[in-house]
């Protein structure tokens with residue numbers, strides 16, 4: 001117990017130093033954006049669609065259908081591959097930190113325990129660069145990962161795909177061969193991770209409808225009709 005007591009202040013101090021570094025990094029990034037000028041950044045962005053989704057609601061499937069209808073690039077899990085290229089690590093490594101609940105012990109001590117561990121903070125910085133690069137090319141569908149908070153709202157369309165938990169858990173159970181309890185647990189944990197991810201890095205509530213131009217209930221509107229609705233909305237809005 002005495003040894004643990006002596007070590008705790010060191011861990012707390014290390015955590016405080018790391019948190020101060022994160023704050024400083026955020027301040028530098030914000031200043032860089034101000035120096036470049038918001039209008040200049042906005043002018044460089046092409047047309048884009050962001051799709052935020054509740055777990056099991058079918059957001060990825062709908063995104064692929066929209067991409068096919070429009071002939072647009074779709075970045076979903078493959079977005080992690082592009083971030084991995086920048087960080088020189090695998091998609092499997094990034095999936096450990098992608099839209100998952102934050103673990104401050106891992107973030108603070110990870111670099112000491114394993115050089116291969118990527119903190120969420122480092123991941124988000126590179127994620128933002130990849131999202132911005134994709135949006136500059138334009139004609140792209142971006143799935144999840146807070147992309148709607150990284151890009152200028154007036155240049156694209158932001159969509160949220162939702163559905164009742166029972167419907168989502170049943171889809172997960174059928175698609176992944178899980179029992180009902182395991183499927184409900186997965187839905188709850190994934191939804192929580194995505195909420196925490198948005199709150200921690202973007203300071204927004206991911207399920208606030210005011211962040212979206214269109215909210216679609218996937219139980220009431222099937223994937224094909226949802227994709228048609230989104231494509232029609234994109235054609236009508238001025239972006």
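The values are calculated or read from the model by the stated rules, or taken from the named source; none is laboratory data. This is a predicted model, so every value here is computed, not measured. Heads up, the Cβs are rebuilt from the backbone with ideal geometry, glycines too, and the neighbour counts pull from every protein chain shown.
Among the listed residues 161, 172, identify the single one that is in a helix (DSSP H, G or I), crowded, with 18+ Cβ neighbours inside 10 Å and either modelled with pLDDT of 90 or more or within 13 Å of the chain's Cα centre (by Cα) (or both). Steps first, answer last, please.
Working: 161 fails: in a helix (DSSP H, G or I).
Exactly one of 161, 172 is in a helix (DSSP H, G or I), crowded, with 18+ Cβ neighbours inside 10 Å and either modelled with pLDDT of 90 or more or within 13 Å of the chain's Cα centre (by Cα) (or both), namely 172.
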Worksheet item: Considering the range 70-93 alone, what residues qualify as being without any contact (Cβ under 8 Å) to a residue 40 or more places away in the chain and more than 12 Å from the chain's Cα centre (by Cα)?
Response: 78, 81, 84, 85, 87, 88, 89, 90, 91, 92, 93
Worksheet item: Tally time: how many residues in the range 187-225 are in contact with a helix residue (DSSP H, G or I) (Cβ under 6 Å, 6 or more places away or on another chain), crowded, with 18+ Cβ neighbours inside 10 Å and assigned to a loop (DSSP other than H, G, I, E, B)?
Response: 1
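Quick check on residue 165: is it more than 28 Å from residue 69 (Cα to Cα) and assigned by TED's automatic domain parsing to the domain that holds residue 82? Outline the logic, then answer.
Numbers: more than 28 Å from residue 69 (Cα to Cα): yes; assigned by TED's automatic domain parsing to the domain that holds residue 82: yes.
Criteria met by residue 165.
Against the condition modelled with pLDDT under 95 and not in a loop (DSSP other than H, G, I, E, B), how does residue 228 come out, does it pass?
Details: modelled with pLDDT under 95: no; not in a loop (DSSP other than H, G, I, E, B): yes.
The answer is no for residue 228.
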